[in-house]
1. What ranking, highest mean first, results for peptides 41-48, 142-149 when packing means the other Cβ atoms within 10 Å averaged over each residue?
2. By count of other Cβ within 10 Å, fewest leading, how are 33, 115 ordered?
3. May I ask you to derive the relative contact order of the stretch 22-147, considering only C-alpha pairs under 8 Å and at least 6 residues apart, and to give it as an integer percent?
4. Rounded if a/c is under 1.5, else prolate if a/b is larger than b/c, else oblate: which is the stretch 186-269, with a ≥ b ≥ c the root eigenvalues of its Cα gyration tensor?
5. What is the fewest-to-most order of 210, 222 by other Cβ atoms lying within 10 Å of their Cβ?
Ligand SMILES: [Zn+2]
């Protein structure tokens with residue numbers, strides 16, 4: 001289909017004016033996805049992950065109730081702060097992936113957060129791990145994935161909206177993410193933002209927010225630092241900004257919960 005530029009511009013501004021496109025309140029960025037899209041997309045991805053036990057060997061909730069009880073209590077502590085956007089709208093769910101060799105964590109849109117046993121076992125205390133949990137939750141709450149997808153799909157998505165609701169679009173996007181065609185990789189700005197919000201959330205809990213900075217020190221000191229560090233902003237820059245955020249949100253002094261964390265680690269296979 002050939003469309004002249006002026007016509008396209010009119011259509012795009014029409015969409016911007018008459019709905020379908022909203023500004024992400026938290027980040028101030030245009031996000032062409034709705035809140036329900038975040039939820040639907042996240043649920044689809046979570047289902048794909050659940051159906052792929054070779055790549056994502058999820059720890060069973062029924063087999064490891066103690067581990068999940070602890071993990072859920074960390075999520076609940078953040079959701080109760082009143083600072084996590086969409087705390088009531090998203091189906092917040094945490095998962096543990098049984099793979100000791102991966103020091104990693106990730107999130108889907110809409111509040112599904114995943115943590116590898118390799119990450120949990122590498123850390124020293126619950127506050128440090130809670131910092132990572134808060135960071136992943138911030139990516140969801142700030143809708144970073146759909147902000148990125150908005151850039152990736154841009155005009156083609158806008159056209160789909162203009163030309164009528166396209167129900168298969170989300171399924172298409174989910175499969176493109178699964179096959180690596182569309183990336184959910186976050187930008188540097190989004191990483192800093194997730195760090196800052198993690199500190200903000202932590203400042204309203206029992207956890208010491210600076211444990212998030214300790215997490216990066218810990219990663220740096222590892223003989224083989226995890227690869228995701230190399231794609232993120234440098235740990236030094238992040239630690240500096242985390243400290244700035246800590247002061248900004250009141251220099252809250254919390255606890256580390258070392259013993260409780262040891263029990264959490266012991267409850268894993
Ligand atoms: Zn991140």
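1. On the way: 41-48: 19.2, 142-149: 24.8.
Peptide ranking by packing, descending: 142-149, 41-48.
2. Listing 33, 115 from fewest to most nearby Cβ atoms yields 115, 33.
3. Numbers: 171 pairs, mean separation 36.0, N = 126.
Across the stretch 22-147, relative contact order equals 29 percent.
4. Oblate is the answer for the stretch 186-269, as a/c is 1.5 or above yet b/c matches or exceeds a/b.
5. Details: 210 23, 222 11.
Ascending number of Cβ neighbours within 10 Å: 222, 210.
Each reported figure results from applying straightforward, stated rules to the coordinates on display, with no laboratory input. From a predicted model like this one, the values you see are computed outputs, not experimental measurements. Ideal geometry is used to build each Cβ from the backbone, glycine not excepted, and the neighbour counts take in all protein chains shown.
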